[in-house]
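Right, one structure below, let's go through it.
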Amino acid sequence: MKIEPNGVAGTYLREHVRLGDVLDVSSPRGSFILQSAERPVVLLSAGIGATPVLAMLYALAGAHSTRQVLWLHAARDRQHHPFAAEVRRLMPALAHGRSYVCYSRPGPRDRKGEDFDATGHLSRSVFDEVGIPPEADVYLCGPVRFMADIKQALATMDVAPERIHVEIFNGSESMTPGVVGAATRSPHLPEDDADTGPLVSFARSGIAVHWKPSAYQSILELAEACDVPVRWSCRTGVCHNCESGLVSGAVAYEPQPLEKPADGNVLVCCSQPIRDVVIDL
Ligand code: FES
């Protein structure tokens, strides 16, 4: 188990949970799931972001998939390279599997060709070298910065944006983007402003924009497209970091939150407006 210096969950598990304890755990949720298709699969991760894509690798290896499967992973060094042995064990089950690992700062005993394939970061030149097929389904998980860099690199390779599936794995940066820290753009209408659909008003930001279901999965995504400051962390209705005041209107939830927000509030990360709404953001 990885313990982050300020991580609440890992620290709690280590200090309080003992063998035989019963944990009340929810079922897995979110939309970061392996799509069934025959297209090539690229599993791209950094650090502990390997976790969800490792589950996909297990599924593909368990089915002895004949799809082309690329496992691309970035770590600092062997000490910080989770699941290395597991991945090595799974790869031979894939007829067209290939693994490529970059260490940004390999240790003196880390062996090139065994522990890792190249020194540096995952980048466009690595993608060219391993030959990412543009028609692949790409599953990307890691810190915010890593994901932004990778998405940019993939965009230059004609990988369609709808084939790039992302899951952010980050303990801290995501909590208050736009609320504290670096200056961001002031709130504005989105580039693809619609003129029909329920009107979503972000009251504090002074922005009112029509909901376009084909463009956004949640009110949070719409708020981000408008640079409306908003807190979030899990983005799937678990943590309540995105809980905001619902001044008026009504929403539907997809996915359903694990626990409802307080009366008069809304979880913007997993809700969609069903009529005009005013939100305290
Ligand atoms: S971001 Fe976690 S519940 Fe919305």
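Descriptive notes on the structure:
- Summing charges over all other residues whose Cβ lies under 11 Å from the Cβ of S218, with Lys and Arg as +1 and Asp and Glu as -1, gives -2.
- Model label sites at M157 and V278, defined 7 Å from Cα along the beta-carbon direction, differ in position by 4.8 nm.
- Database remark: amide H of V247 closer than 5 angstrom to the amide H of V278, I279, D280 (H placed geometrically; neighbours at sequence offset of 5 or more, or on other chains; Pro and chain starts carry no H).
- Surrounding net charge for V268, when Lys and Arg each add one and Asp and Glu each subtract one, Cβ distance under 11 Å: -2
- Per-residue packing, averaged as other Cβ atoms within 10 Å, sorts the ranges 142-148, 260-266 into the order 142-148, 260-266, beginning with the highest.
- Per-residue HN-Hα couplings for the range 129-145 [Karplus 6.51, -1.76, 1.60; θ = phi - 60°; Hz; x = Gly/Pro]: 5, 7, x, 5, x, x, 8, 6, 8, 10, 10, 10, 8, x, x, 3, 4
- Label-point gap, in nm, between V25 and R124 - each point 7 angstrom along Cα→Cβ: 4.2
- The ratio of the alpha-carbon radius of gyration of the chain to the globular-protein estimate 2.2 N^0.38 Å is 1.11.
- Rounded Å value of the spacing that divides the Cα centres of the range 107-137 and the range 42-99: 13
- Accessible-area composition of the chain, carbon plus sulfur, in percent [1.4 Å probe]: 51
- Cα-based convex hull, the range 24-168, per residue volume (Å³, whole number): 119
- Point-charge dipole on Cβ atoms (K/R +1, D/E -1) for the chain, about Cα centre, debye to 20: 900
- Note that the range 199-279 presents 46 Å² accessible area per residue, ligands and nucleic acids not counted, probe 1.4 Å.
- Here the Karplus relation 6.51 cos²θ - 1.76 cosθ + 1.60, evaluated at θ = phi - 60°, turns the backbone of the range 8-22 into coupling constants of 7, 5, x, 5, 5, 4, 5, 8, 10, 8, 10, 3, x, 5, 9 Hz, with x for every Gly and Pro.
The values are calculated or read from the model by the stated rules, or taken from the named source; none is laboratory data. What you see is a predicted model; the values in this text were computed from it and never measured. Ideal geometry is used to build each Cβ from the backbone, glycine not excepted, and the neighbour counts take in all protein chains shown. Each accessible area value is taken on the protein alone, full model and side chains, heavy atoms only, with ligands, DNA and RNA left out. Shrake-Rupley method; radii C 1.70, N 1.55, O 1.52, S 1.80 Å.
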